[in-house]
Amino acid sequence: MSDAERSIDDAPDGSTDEFEPIQVFPEAEEMDLRPGADNCYKCSTCDTNCPVAAVDDEFPGPKFQGPEQWRLKRQDDRDVDESVMKCSNCMRCDSACPSSVPLSQMHNTARGEYVDERMSKRSREYLRNRMLANYRRLAPLASTFPRTANAVMGLSITRWIGEKLLGVTSEREFPEFATETFREWWETRGGNAASKKRAREARAKRGGDADDAEKRIAYFHGCYANYNTPEVAKALVRVYEHFGYEVLVPDQRCSGTPMFANGMLDDARRAAETNVAELAAAIEDGADVVASCSSCSMSIRQEYPELFDFADTETVAETTWDAVEYLRVHEDLEAELAGTSVDDEFDSFAYHAPCHSRNQGLNGQTIEVMSAIDGVDVHDVGDSCSGISGTYGWKAENYETSMKIGEEMFEHMADADAEAGLTECPTCSMQMEHGTGYEITHTLEVLEAALVETGTDE
Ligand code: SF4
Ligand code: SF4
């Protein structure tokens with residue numbers, strides 16, 4: 001469990017003070033006040049829950065990466081061990097620890113220190129990692145000429161060059177860019193003014209207060225739903241408007257997830273500062289924040305308050321929700337779905353709960369919600385990690401490990417014999433498709449199919 005999730009009553013020292021981010025690996029002369037780090041009683045639960053340690057004998061595991069390394073460092077002022085770069089940032093150890101040791105925060109801080117102090121800024125690894133972590137900077141260029149970009153990226157020579165020059169695996173196909181981004185669609189559709197009107201009409205139709213200003217959400221769509229899968233983002237807008245919510249789409253940058261995973265903490269800090277300021281302004285305007293990507297919501301809810309202390313970081317973390325979770329809490333979603341159905345071609349799914357959903361306590365919600373739709377059959381493919389963990393499985397040296405981790409999920413998906421895969425994480429979706437050939441959809445798309453009349457909104 002993360003500090004962000006933890007109630008103040010659960011604070012290790014029983015204090016009721018709000019959590020303050022503290023440097024995990026301090027300067028030699030500083031006293032480390034990191035709360036919780038000394039709580040490790042070496043039970044090794046984190047190690048047995050680590051998917052990388054399970055298949056890679058050389059990876060020392062989260063107990064070493066976190067509390068043990070911290071203790072060594074405190075005694076001897078040692079450098080951070082390079083094996084921290086083999087951690088995929090799945091955060092399963094963080095959830096598994098029974099003693100509230102802030103493993104994820106320790107790993108993120110250690111990775112940042114390793115990259116800052118020990119990784120050559122001219123190395124191929126650094127350039128590759130920086131590029132993968134900053135996908136958001138490359139995507140607008142590819143999106144300007146999506147057909148050309150897709151054609152070039154689809155060539156086997158491009159993949160070969162990517163592996164030889166940069167160390168990006170040639171085994172995976174690059175995801176395609178949409179011909180129209182979500183934000184382009186949103187602007188063409190009329191932006192917030194159009195959403196406000198639609199939400200007002202929906203509230204009146206549902207017999208509610210047409211002027212209810214409470215029903216307002218700010219959508220954090222992240223990079224992938226904007227540039228690659230705008231259909232997921234459109235589904236979110238339509239489903240929320242169906243319930244009478246006015247949607248705001250604030251300016252935003254990458255959530256920072258791939259930056260944390262690659263130790264690019266300065267990049268993550270810049271992105272987070274913009275996101276916190278923009279989302280705080282929307283909250284001030286009466287909105288709650290929702291995200292369609294499980295890694296984006298986790299980053300804002302957990303990693304921002306663990307690592308940054310900008311004004312409003314805590315407020316934004318506390319006001320951010322997973323998009324389906326929000327509807328389950330604020331609406332009677334299951335009653336709304338009762339009696340609905342979806343196309344026959346679209347009614348049998350193999351569902352994978354992403355690690356970052358589990359970390360937010362959301363595993364189980366999709367199965368429950370989907371079972372309320374008539375005729376929909378959802379097979380939970382178990383609690384294993386998909387193995388891709390964002391940029392981790394895109395690195396040539398991690399590809400085999402990534403596929404080994406994913407084996408259990410692939411087998412369960414094959415056994416499910418469903419018509420499509422279902423998940424809420426874009427990179428888990430890539431791994432599911434890559435390992436099984438299943439077409440993958442997002443839970444919000446199924447909700448849209450069940451709740452929203454087709455053809456009413458292009
Ligand atoms: S699970 Fe927690 S208490 Fe157990 S070894 Fe890992 S860090 Fe220590
Ligand atoms: S975040 Fe995942 S890969 Fe990294 S140490 Fe923890 S369990 Fe292992």
Residues with amide H under 5 Å of Lys395's amide H, sequence separation 5 or more or different chain, H placed in the peptide plane at 1.01 Å from N; which?
Thr169
So what is Rg over Rh here for segment 124-166, counting just Cα atoms and using Kirkwood for Rh?
1.00
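Full extension from Leu141 to Asp76: what is 0.36 nm times the residue separation minus their Cα-Cα distance, to one decimal in nm?
Working: separation 65, 0.36 × 65 = 23.40 nm, distance 4.67 nm.
Value of the extension gain: 18.7 nm.
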Quick one: give the max-minus-min coordinate of the C-alpha atoms of segment 318-458 along each principal axis, largest first, in Å.
47, 38, 30
Give, rounded to the nearest 20 debye, the magnitude of the charge dipole that segment 253-314 has about its Cα centre when Lys and Arg contribute +1 at Cβ and Asp and Glu contribute -1 at Cβ.
280 debye
For segment 182-331, build the charge dipole from Cβ charges (+1 Lys, Arg; -1 Asp, Glu) around the Cα centre, then report which of Ala233, Cys293, Ala213 sits farthest towards its positive end.
Ala233
All lysines inside 19 Å of Lys121 as judged from Cα atoms, apart from same-chain residues fewer than 8 positions distant:
Lys86, Lys164, Lys395
Calculate how steeply helix 103-118 sits against the longest principal axis of the alpha-carbon atoms of the chain, using the helix alpha-carbon long axis, and give the answer as 0 to 90 degrees to the nearest 10.
60 degrees
Name the lysines eligible as straight-distance cross-link partners of Lys234: C-alpha to C-alpha under 19 Å, and not fewer than 8 places from it in the same chain.
Lys196, Lys197, Lys215
Cα pair distances exceeding 37 angstrom across the chain, given as percent
24 percent
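Given charges of +1 on the Cβ of Lys and Arg and -1 on the Cβ of Asp and Glu, with all other atoms neutral, how large is the dipole of segment 124-166 about its Cα centre, in debye to the nearest 20? Before the final figure, lay out each step's value.
On the way: 8 positive and 2 negative charges, 18 e Å.
Approximately 80 debye in magnitude.
Semi-axes of the equivalent ellipsoid of segment 211-337: what are they in whole Å, largest first, if each equals the square root of 5 times a C-alpha gyration tensor eigenvalue?
So the equivalent ellipsoid measures 25, 16, 12 Å along its semi-axes.
Relative to the Cα centre, what is the charge dipole magnitude of the chain, using +1 at the beta carbon of each Lys and Arg, -1 at the beta carbon of each Asp and Glu, and rounding to the nearest 20 debye? Please report the intermediate quantities before stating the final value.
On the way: 44 positive and 88 negative charges, 345 e Å.
The calculated dipole for the chain is roughly 1660 debye.
Since every read-out is calculated from the coordinates, none of them should be taken as a lab result. Remember, it's a predicted structure, so these values are computed and weren't measured experimentally. All Cβ positions, glycine included, derive from the backbone under ideal geometry; neighbour counts span all protein chains shown.
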